[in-house]
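Report on one structure; see the data block that follows.
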Amino acid sequence: MGRRRRLLVNPAAEAGAGALPKAIAALSRSLPAGPSPEIFRRAKFDRPEAAPALWQLLFRFLSPRSIGGASASLGLEAQACLVKSALRSQGYPRQVLAQLPEDGSRGSRELLLALSWLLARGPVLERLLAQAHVQLGDEMPVCECEAVASTGPPAPHMEAEGPVDIRCVQWLMGRLRFRWRCLTASQQEQCALLSKIHLYTRGCHSDQRLGHLSVAETEMLRDPEGGRQLLRRLEHENAGLEAALQWRRGELVFWRWMDTVLGACPPEAPAAAAQPAFLPRIPERGPGQGELVARELRALQEELCEATERRRAAWEARVGGQGRGPQWSSARQALQKAVDQELAALQWAWEQDRGPARPHGPHRLVRREDEAPGGQDLQAAEVIRVLRSKEACLEAVLRQLQGQCRQELARLAGALPGLIWILPPRR
């Protein structure tokens, strides 16, 4: 009887024990260049040989657009620095990660916790799969969302050590304008080539809704070897999608295992002792010093109120005589025009929100003879009209900011006697 009970229990126990390796293997296959499942097992026990692979994986997570070249050119220490900076900017709560060495000698368990924190925080896996999507059609993004635009940690703000020569600024602006013109010219050339391909291959597609071939499909017909490479890429993408689905089915088992990993970590130090070095520690005050602190705060508040009143009176005396004259009227007209354009853009957006929800993301470019879009389709003329409206609003804001800069420069030039201000030549 006992033997029969063991035979009934063992298959379920074996199935439960095999669910965790399957879930970890599925997660590893769904990640771009993901490590082997053995790396996850060694990281639970904080083995040092698992740390370099996890540093590289976190770098790919936090810098998804630089998978191709930057991960190969940057060393492990540079990748570790970027990972620490990105996790700190995103609010990673554990301070142990910031204290890990950057040579990959230890800390694999903490890196595994950081990876699980990223997986639980948002759809990181879906975003990576979307960026690795193989494009068969000629697509273009209709909207530039914040999640797409921000691909990594923000660039650190750097101050100049000394005075900056205006010629250097002009040189940088010239380079920026030149690169902008090159980008515009290359995009115009790409659009012209796309139009020619769509026109020459009209009627060649099996799908009558499309009617013509894309660049990838044309290249596949021209070069059979390229078609085989495209097929291998599609097979790799399908394997990643299947692994992601399998990971979603066994995700609960992984999080239960991560609870054991977190329980194996030593407890962190208290918050006061674990403060970073750049944050000053607030000393504890005795019970008799509370009234002294309150009096100091009230005195400081009174000083701030007096300084605010003086600044307000000086500002009112400074702008009191303005409000008349041609300069004031032209500035008011420019401001009124900018406000009208912004109101028109907001009204258009509100009218669009009242209708059916517009799809976001990339759209395939299709040349059609008829002008009636169907379903979730968008006309190019409509998108161009929206972009021109936004461009007009941005130009109005730019002109307003330029006027403010000119007024500030004129004020600074007037404060220095004997200074001759020569405006740059207009183009």
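The values are calculated or read from the model by the stated rules, or taken from the named source; none is laboratory data. Being a predicted model, the structure only gives us computed values, none of them experimental. Cβ coordinates were reconstructed from backbone atoms using ideal geometry, including for glycine residues, and neighbour counts include every protein chain displayed. With ligands, DNA and RNA removed, areas are computed over all heavy atoms of the protein, side chains included. Shrake-Rupley method; radii C 1.70, N 1.55, O 1.52, S 1.80 Å.
A few comments on the model shown:
- Protection-proxy order for peptides 224-237, 119-132, 207-220, each taking the mean of Cβ atoms within 10 Å per residue, highest first: 207-220, 119-132, 224-237
- Of all accessible heavy-atom area on region 14-63, the percent that carbon and sulfur account for (1.4 Å): 56
- Segment L183-E235, length gained on full extension (0.36 nm per residue, minus Cα span): 15.4 nm
- Residues of region 392-422 with amide N under 18 Å of a point placed 7 Å along Cα→Cβ from V169: 398-416, 419-422
- Cut-off 11 Å between beta-carbons: net charge of the residues surrounding K22, Lys and Arg +1, Asp and Glu -1: +2
- The alpha-carbon of K22 sits under 23 angstrom from the alpha-carbons of these lysines, leaving out residues fewer than 8 places away in its chain: K44.
- Cut-off 19 Å, label 7 Å out along Cα→Cβ of A33, residues of region 77-96 by amide N: 77-84, 86
- Electrostatic tally near P35: other residues with Cβ closer than 14 Å to its Cβ, Lys and Arg +1, Asp and Glu -1, net +4.
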